[in-house]
Amino acid sequence: MKCASGGGERSRSTFLSNPDLTDPGTLKRFITRHGLATKKGLGQHWLFSSKAVDAIARELAGARGILEIGPGPGVLTQRAVAVAETIALDIDPRVEGALGESAPEARFVREDVLAADVGALLGELPSPRVVLSNLPYYISTAVVSRLLEAADQFDWAVLMMQREVGERLMAKAGDRRRGAISVEVQATFQIRQVCVVPPGAFLPAPKVQSVVLRLDRQRRANVDMELVRSGFKQPRKTLVNNLVEAGFDRGSVIGALTAVGMRSDLRAHHLTVDQWIALANRVRIPKN
């Protein structure tokens, strides 16, 4: 499903009294007025497609507290504040003035998401709590890792990211795109793709497609992530060889794989979350 067919859609929403940032002309004037020319180093691409915004906003229904990461001029923030109490977190100081006009109800926090105490910020909001973000492409995986650390503090997340990154997070066992981050995310959340967003939905247009994912927290599976990361250390190598290089005994690893019905020539991307758990229960690093 596509969230948008491209740029140029004007929002039909009438409940917003603040500037309609889904209108490209209005958005261009707004970012000029607030000095919000995009900075390549911050990976900024301002979403303006009303179809994409509407699709994302629908996923916020039921929230009472929203933490938005990287609000930019505030196109999604406008929708967030109409639903719930909202904290807007951004490292860019220009954003504060822009949100003062587009979404003054939001509380702005100027801080780097990779350094901020995300769990503490979420704890200041009423529940159910949601994390909302149009993730900067260059730190998407790093932000997802931070959210995994704070997963107990929110109920679901609505995240837009580069399509390639989203497909990696969703990659099932057997898919070569699967990595350690895929296993950890799938052990923590139920993942659903909301829609794909084309480059023309942004100003400026990126060179790649984006995807919106919804991550609903579930009971976290007891996955040994140290073991998983060791298994994925060198994806071209077999799981056995990676684990042996990490200090595990070859015989015990092969025996553990056999005991849970797996071949010894498999690579890490072939294992499901449940198989990682089964493997962790049977293999150990030998004590010196």
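What follows is calculated from the coordinates using simple rules that are stated; it is not laboratory data. If you're wondering where the values come from, they're calculated on a predicted model, not measured in any experiment. Cβ placement follows ideal geometry from the backbone for every residue including glycine, while neighbour counts extend to all protein chains displayed.
For the chain, set up a Gaussian network in which alpha carbons nearer than 10 Å are linked by springs, and say which option among Gly70, Gly123, Gly166 fluctuates the most.
Answer for the Gaussian network model of the chain: Gly123.
What's the magnitude of the charge dipole for segment 24-217 around its Cα centre, counting Lys and Arg as +1 and Asp and Glu as -1 at the beta-carbon? Answer in Debye, nearest 20.
It comes to approximately 800 debye.
Run the dipole for segment 42-149 about the Cα centre, Lys and Arg Cβ at +1, Asp and Glu Cβ at -1, nothing else charged, and hand back the magnitude in debye, nearest 20.
Charge dipole of segment 42-149: 300 debye, to the nearest 20.
In units of 2.2 N^0.38 Å, what is the alpha-carbon radius of gyration of segment 145-288?
For segment 145-288, the normalised Cα radius of gyration comes out at 1.18.
Set the bar at 32 Å for Cα to Cα. Now go through Lys28/Lys172; Lys2/Lys233; Lys51/Lys172; Lys2/Lys28 and name every pair that lies beyond it.
Lys28/Lys172; Lys2/Lys233
Who wins for biggest fluctuation among Arg178, Arg168, Arg192 in a Gaussian network model of the chain, springs between alpha carbons below 10 Å?
Ranking Arg178, Arg168, Arg192 by mean-square fluctuation puts Arg192 first.
If the viscosity is 1.567 mPa s and the temperature 4 °C, what Stokes-Einstein diffusion coefficient in µm²/s follows for the chain when Rh is the Kirkwood radius over Cα pairs?
64
Using only alpha-carbon positions, what ratio does the radius of gyration of segment 63-174 give when scaled by 2.2 N^0.38 Å?
1.03
Per the Kirkwood formula on distinct C-alpha pairs, the Rh of segment 225-280 is how many angstrom?
10.8
Only helical DSSP H runs with n ≥ 4 go in: add -39500 (n - 2.57) per run for the chain, normalise by residue count and round the 222 nm mean residue ellipticity to 500 deg cm²/dmol.
-10000 deg cm²/dmol
By a straight-distance test (C-alpha under 18 Å), which aspartates and glutamates pair with Lys207 as possible cross-link partners, with residues fewer than eight away in the same chain excluded?
Lys207 reaches Glu164, Glu167.
Over the chain, what relative contact order in percent results from Cα pairs under 8 Å that are six or more residues apart?
With pairs under 8 Å counted, the relative contact order is 16 percent.
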